[in-house]
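Here, each number is a calculation from the coordinates, and none is a lab measurement. Remember, it's a predicted structure, so these values are computed and weren't measured experimentally. For neighbour counting, all protein chains shown are included, and Cβ atoms are generated from backbone atoms with ideal geometry for every residue, glycine included.
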């Protein structure tokens, strides 16, 4: 090791952002380990690399003591004072023991350490970049499918789409481009592991933000959303500007914006609903496309009873209760749906029907 070696380390510092001192300290520790491994020493030792010349030296260390128990690591006070009268108990004496043929081992060890540190630094950069992107949406290229997990290339790092985060019925072809939601970033010994999702409600939100400029500008706000991945979703939107229609903005001209999101989610149906601070009106809208006649609410229990025309009952409930289930998730209310005729049977004299405006 010499001045050229130090110059190379300084170049690495500029390029990779790894401090020269950090590299040299790591090399010193690795050389000490190599020294003990190759020369079988049980002595305490220290390796020092000169920061100006790049030259290295190995020093054996002995502790000064009045009573020597281990001659390899200790030296008597009498012997120590023969070397230098100023030594006292617990002082450390160092003697250079650099082996003649240590150069090849040192060069090889230094190379390994530097390469390892470069890899660690690059991993840390990737980790720092992605740890701040949790909850964001990224586009990647499908690399392979192994044990039902999909591995997606995101530039310098690979993301994992586990089976539980995959949309039902979706197929993943090698080389295909795909948008995913960053679920979690973990730091491991092999580098950062990025877990992504296609089922998270956040994916739906981010896709709309990509397509709707009014969402990016903050004019329109997504108040709530409910999703059953691969089948149907509901999203409630609100406009801070009374001149801007939140539903129309999200649907787009001739439905172009919402259709782009639907295509990305492989045909998942999406209901865009106008949020309303009037709970009754919001619950009525949440059951779209069904038409609602009456909404009765019990505030404390957060229970709502919704009455719909007879011919709208199955539509309001949805296939296997899906529409009603999503409406309950969207609003945060427990919703009990009754038909007009059912209510007339329960309250034959008291019941009067009307439509929610």
**C-alpha long axis of helix 103-131 to longest principal axis of the chain, angle in °** = 20 degrees
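For 151, 282, 5, what ranking results if the residue with the fewest other Cβ atoms within 10 Å of its Cβ goes first?
Details: 151 16, 282 23, 5 19.
Fewest-to-most Cβ neighbours within 10 Å comes out as 151, 5, 282.
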**Request:** Could you tell me the convex hull volume per residue, in Å³, taken over the Cα atoms of region 144-246?
**Result:** 128 Å³
**Message:** Taking the number of other C-beta atoms within 10 Å as the exposure measure, put 32, 23, 207, 287 in order starting with the fewest.
**Reply:** 32, 207, 23, 287
**Item:** Convex hull of region 139-197 built on C-alpha atoms - directionally averaged projected area, nm²
**Value:** 4.0 nm²
**Prompt:** If you line up the long axis of helix 322-331 against the longest principal axis of the chain, both from Cα atoms, how many degrees apart are they, to the nearest 10?
**Reply:** 70 degrees
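Based only on Cα atoms, what mean projected area does the convex hull of region 3-129 have, in nm²? Numbers along the way, then the final one.
Working: hull surface 39.6 nm².
Mean orientational projected area (region 3-129, Cα hull): 9.9 nm².
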**Prompt:** When only C-alpha pairs under 8 Å and at least 6 residues apart count, what is the relative contact order of region 278-357, in percent?
**Reply:** 33 percent
**Prompt:** Fewest to most neighbouring Cβ within 10 Å: what's the order for 329, 173, 57?
**Reply:** 173, 57, 329
**Request:** Please determine, in degrees from 0 to 90 and to the nearest 10, the orientation of helix 20-39 with respect to the longest principal axis defined by the Cα atoms of the chain, where the helix direction is its Cα long axis.
**Result:** 60 degrees
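Starting from the Kirkwood radius over alpha-carbon pairs of the chain, derive D by Stokes-Einstein at 4 °C in a medium of 1.567 mPa s and give it in µm² s⁻¹.
Numbers: Rh = 26.8 Å.
Once the numbers are plugged in, D ends up at 48 µm²/s.
Equivalent-ellipsoid semi-axes (√(5λ), Cα gyration tensor) for region 263-345, whole Å, largest first? Walk me through the numbers before you get to the answer.
Values: eigenvalues 91, 53, 22 Å².
Equivalent-ellipsoid dimensions as semi-axes: 21, 16, 11 Å.
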**Complete:** Averaging 1/r across every pair of distinct alpha carbons in region 200-275 and inverting yields a Kirkwood hydrodynamic radius, in angstrom, of 12.1 Å
**Asked** GNM, the chain, Cα, under 10 Å: largest mean-square fluctuation among 344, 305, 177?
**Response** 344
